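Working notes, structure below.
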Amino acid sequence: MPLSSNNVNICSYDTVKKLPYDELIEVNQIADLKLEKELHKGFFLVYELYDLINSDEKI
């Protein structure tokens, strides 16, 4: 059950509290990768919008 306020939606807080350390590390790595992916998507969206605004082509 993912938390609604958690953007990476890995698992719930209650689940995390019960995980052994090695599984907690794995969940943390997955969450980091998902967050990095979202940051890259946001960066490329901003870059594409910037490029579109500054292009000489008409839509």
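The values are calculated or read from the model by the stated rules, or taken from the named source; none is laboratory data. Predicted model only: the values in this text are computed from it and were never measured. Quick reminder, even Gly has a Cβ in these numbers, built from the backbone with ideal geometry, and neighbours come from all protein chains shown.
Tabulated values for the structure
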quantity: Filtered residues of segment 6-35 (kept if aliphatic (A, V, I, L, M) and either more than 9 Å from the chain's Cα centre (by Cα) or in a helix (DSSP H, G or I) (or both)); calculated: 10, 16, 19, 24, 25, 27, 30, 31, 33, 35
quantity: Criterion violated by residue 6 - all others in (1) surrounded by 12 or more Cβ atoms within 10 Å (Cβ to Cβ); (2) modelled with pLDDT of 90 or more; (3) of a type outside the set (Phe, Trp, Tyr) satisfied; calculated: (2)
